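Report on one structure; see the data block that follows.
The values are calculated or read from the model by the stated rules, or taken from the named source; none is laboratory data. Quantities reported herein were computed from a predicted structural model and do not represent experimental measurements. Cβ coordinates were reconstructed from backbone atoms using ideal geometry, including for glycine residues, and neighbour counts include every protein chain displayed.
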Amino acid sequence: MNEATKAGVNRSHAPSFVQKMSFATLHLAVLFASAAVAFSADLANPARAKALVLVAALYFSRHMITLFYLLVRRVDWGEVLGLSAFMATFEVGFVWLAGQSSAAFSALDVLGLGLLAFGSYLNTGSEVQRKWWKADPAHKGHCYTLGLFRYSMHINFFGDVVLFSGWALLTANLFALGLPLLMALMFIFLHIPGLDAYLAKRYGNEFTAYASKTKKLIPFVY
């Protein structure tokens with residue numbers, strides 16, 4: 001395995017515009033597929049299904065910001081195809097589950113929207129803070145430990161778990177909560193160890209000092 005590739009992700013800073021455009025196109029196709037399911041005639045709860053399409057559209061917009069503004073590392077074809085398949089499964093699946101539910105909108109949905117908004121802020125907000133800090137030439141070669149990353153070494157990953165928990169609640173189907181649980185386990189046992197090994201090699205003592213005093217994923221807990 002290439003030294004810059006950890007946990008299936010290429011962390012080298014290299015252009016990959018064709019891959020990013022392909023990823024964006026595939027994700028847009030998934031969004032249209034989700035809408036097609038929501039507007040089908042045989043759903044028990046079309047209103048909830050359509051609400052989940054709006055959530056998917058919000059996620060798509062955030063994905064575009066990540067791909068074309070925040071992401072400086074290379075995106076490989078394996079990542080494009082693998083994550084596109086994953087997105088197709090959960091985005092279309094969540095819309096379908098929501099459409100099968102008989103539950104009316106309730107306070108639980110308000111909680112779901114709150115988690116969705118807060119998780120989106122943690123994920124994208126933390127990445128934007130780091131992007132702006134890294135833009136200063138004086139910070140070149142240094143490990144970013146400020147902003148939201150003060151509370152967790154991987155606060156962006158935690159944001160994903162939070163937002164997907166809210167998204168799952170909006171389906172009104174408890175089985176959907178298995179997705180954020182699976183994501184958390186993948187972060188803990190796969191992505192975080194690989195990324196930490198890369199960061200330790202890249203930043204040395206700076207990263208070691210940061211890791212010694214900062215929680216890995218969940219602020220104040222783990």
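Only one of GLY159, GLY141 is closer than 25 Å to ASN10 by Cα, among the small types (Gly, Ala, Ser) and at pLDDT below 95; which?
Result of the check over GLY159, GLY141: GLY141.
Using the structure shown, decide if VAL18 is outside any loop (DSSP other than H, G, I, E, B) and either at pLDDT below 85 or within 18 Å of the chain's Cα centre (by Cα) (or both). Give the derivation first.
Working: outside any loop (DSSP other than H, G, I, E, B): yes; either at pLDDT below 85 or within 18 Å of the chain's Cα centre (by Cα) (or both): no.
Against the criterion (outside any loop (DSSP other than H, G, I, E, B) and either at pLDDT below 85 or within 18 Å of the chain's Cα centre (by Cα) (or both)), VAL18 does not qualify.
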- Query: Quick check: is even one residue across region 59-76 without any contact (Cβ under 8 Å) to a residue 24 or more places away in the chain, under 16 Å from the mean Cα position of the chain (by Cα) and exposed (fewer than 15 other Cβ atoms within 10 Å of the Cβ)?
  - Reply: yes
- Query: Are any residues in region 129-156 exposed (fewer than 15 other Cβ atoms within 10 Å of the Cβ) and of a type in the set (Gly, Ala, Ser), and if so, which ones?
  - Reply: ALA135, ALA138, GLY141
- Only one of these conditions is not met by MET87: (1) of a type outside the set (Phe, Trp, Tyr); (2) surrounded by 12 or more Cβ atoms within 10 Å (Cβ to Cβ); (3) not in a helix (DSSP H, G or I). Which number is it? (3)
- Note on the structure: Exactly one of VAL9, VAL18, VAL95 is outside the structural domain of TRP167 (by TED's automatic domain parsing) and touching an Asp or Glu at 6+ places or on another chain (Cβ under 8 Å), and that one is VAL9
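Kindly indicate whether any position in region 42-55 is surrounded by 15 or more Cβ atoms within 10 Å (Cβ to Cβ), touching a Gly at 6+ places or on another chain (Cβ under 6 Å) and over 21 Å from SER165 (Cβ atoms).
Of all residues in region 42-55, those surrounded by 15 or more Cβ atoms within 10 Å (Cβ to Cβ) come to 43, 45-46, 48-53, 55.
From what is left, the residues that are touching a Gly at 6+ places or on another chain (Cβ under 6 Å) are 43, 45, 49.
Now narrow it down to the ones that are over 21 Å from SER165 (Cβ atoms): 43.
Yes, the conditions are met somewhere in region 42-55.
Determine, yes or no, whether GLY112 is in contact (Cβ under 8 Å) with a residue 24 or more places away in the chain, outside the structural domain of SER34 (by TED's automatic domain parsing), within 27 Å of ALA56 (Cα to Cα) and under 14 Å from the mean Cα position of the chain (by Cα).
The answer is no for GLY112.
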- Out of ILE155, ILE188, ILE218, ILE192, which single residue is closer than 29 Å to ALA56 by Cα, in contact with a His (Cβ under 9 Å, 6 or more places away or on another chain) and not assigned by TED's automatic domain parsing to the domain that holds MET87? ILE192
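Let's see how each residue does on (1) modelled with pLDDT of 95 or more; (2) in the same structural domain as VAL128 (by TED's automatic domain parsing); (3) under 30 Å from PRO193 (Cβ atoms):
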| site | (1), (2), (3) |
| --- | --- |
| THR5 | no, no, yes |
| HIS27 | yes, no, yes |
| ARG48 | yes, no, no |
| ALA51 | yes, no, no |
| PHE68 | yes, no, yes |
| TRP77 | yes, no, yes |
- SER126 vs. criteria of a type outside the set (A, V, I, L, M), in contact with a Lys or Arg (Cβ under 9 Å, 6 or more places away or on another chain), part of a helix (DSSP H, G or I) and surrounded by 14 or more Cβ atoms within 10 Å (Cβ to Cβ): no
- Does region 44-74 hold any residues that are in contact with a Ser or Thr (Cβ under 9 Å, 6 or more places away or on another chain), of a type outside the set (Lys, Arg) and under 17 Å from ALA33 (Cα atoms), and which are they? PRO46, ALA49, LEU52, VAL53, ALA56, ALA57, LEU58, TYR59
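Assess whether LYS215 counts as being in contact (Cβ under 8 Å) with a residue 24 or more places away in the chain, under 14 Å from HIS154 (Cβ atoms), of a type in the set (D, E, K, R) and surrounded by fewer than 18 Cβ atoms within 10 Å (Cβ to Cβ).
Values: in contact (Cβ under 8 Å) with a residue 24 or more places away in the chain: yes; under 14 Å from HIS154 (Cβ atoms): yes; of a type in the set (D, E, K, R): yes; surrounded by fewer than 18 Cβ atoms within 10 Å (Cβ to Cβ): yes.
For LYS215, the condition - in contact (Cβ under 8 Å) with a residue 24 or more places away in the chain, under 14 Å from HIS154 (Cβ atoms), of a type in the set (D, E, K, R) and surrounded by fewer than 18 Cβ atoms within 10 Å (Cβ to Cβ) - is met.
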